[in-house]
Amino acid sequence: QVQLVESGGGLVEAGGSLRLSCVASGSRFGISSMGWYRRPPGKQRELVALISRGGSTNSADSVKGRFTISRDNAKNTVYLQMNNLKPEDTAVYYCYIEAGLRDFWGQGTQVTVSS
């Protein structure tokens, strides 16, 4: 059974930084894409950033230049370094992986940015 364990969320002031981590375990197949989505209060879930197994990345325009996604394939871990955080980044952040042509999601970690 695939499990995704997220860590690193919390409360931070505007302009601050946080680093999210997500460790994946239990997959019988190799992990292709890994990434992060978020659900702001009262809104739908949206893409933050994705990274392929080879390291190609794709991110939302709203986070470009501030957030950096990376992964460690040996550890089945994906990271999201978030700098210069803004109040509009407040959301529940969900880890995502694609493995064996299936999508898997973490339970989410809260990120709150105060103004």
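The values are calculated or read from the model by the stated rules, or taken from the named source; none is laboratory data. Predicted model, so just to flag it, every value in this text is computed and none were measured. So basically every Cβ, Gly included, is an ideal-geometry build from the backbone, and we count neighbours across all protein chains shown. What goes into the accessible areas is simple: the full protein's heavy atoms, side chains included, and nothing from ligands, DNA or RNA. Shrake-Rupley method; radii C 1.70, N 1.55, O 1.52, S 1.80 Å.
Sort out which residues of segment 17-46 are outside any strand (DSSP E or B) and either open to solvent by 70 Å² or more (accessible area, probe 1.4 Å) or over 19 Å from Ser70 (Cα atoms) (or both), and write them in order of number.
Within segment 17-46, Gly26, Ser27, Arg28, Phe29, Pro40, Pro41, Gly42, Lys43, Gln44, Arg45 qualify.
Out of (1) open to solvent by less than 40 Å² (accessible area, probe 1.4 Å); (2) in a loop (DSSP other than H, G, I, E, B); (3) of a type in the set (A, V, I, L, M, F, W, C), what's the single condition that is false for Leu4?
(2)
Counting just the residues of segment 92-109 that are aliphatic (A, V, I, L, M) and touching a Gly at 6+ places or on another chain (Cβ under 9 Å), which one comes out surrounded by the most Cβ atoms within 10 Å (Cβ to Cβ)?
Per the criteria, the residue is Ile97.
Any residue in segment 30-45 that's closer than 13 Å to Asp89 by Cα and at pLDDT 95 or above: show its pairings with residues that are among the hydroxyl-bearing types (Ser, Thr, Tyr) and open to solvent by 10 Å² or more (accessible area, probe 1.4 Å) at Cβ separation under 6 Å, as long as the two are six or more apart or on different chains.
Note: pairs meeting the criteria are Tyr37/Tyr94; Tyr37/Tyr96; Arg45/Tyr37.
Could you tell me whether any residue of segment 48-58 is basic (Lys, Arg), assigned to a loop (DSSP other than H, G, I, E, B) and closer than 14 Å to Gly106 by Cβ?
Scanning segment 48-58, I find no residue that is basic (Lys, Arg), assigned to a loop (DSSP other than H, G, I, E, B) and closer than 14 Å to Gly106 by Cβ, so the answer is no.
Exactly one condition in (1) outside any strand (DSSP E or B); (2) over 17 Å from Ala14 (Cβ atoms) is not met by Leu85; state its number.
Single failed check for Leu85: (2).
Just the residues that are touching a Ser or Thr at 6+ places or on another chain (Cβ under 8 Å) and either modelled with pLDDT under 95 or farther than 18 Å from Glu98 by Cβ (or both), please, taken from segment 54-82.
Within segment 54-82, Phe67, Gln81, Met82 meet the criteria.
Quick one: Thr112 ticks every box in (1) part of a loop (DSSP other than H, G, I, E, B); (2) of a type in the set (S, T, N, Q); (3) open to solvent by less than 70 Å² (accessible area, probe 1.4 Å) except a single one, so which number is it?
Unmet for Thr112, out of (1) part of a loop (DSSP other than H, G, I, E, B); (2) of a type in the set (S, T, N, Q); (3) open to solvent by less than 70 Å² (accessible area, probe 1.4 Å): (1).
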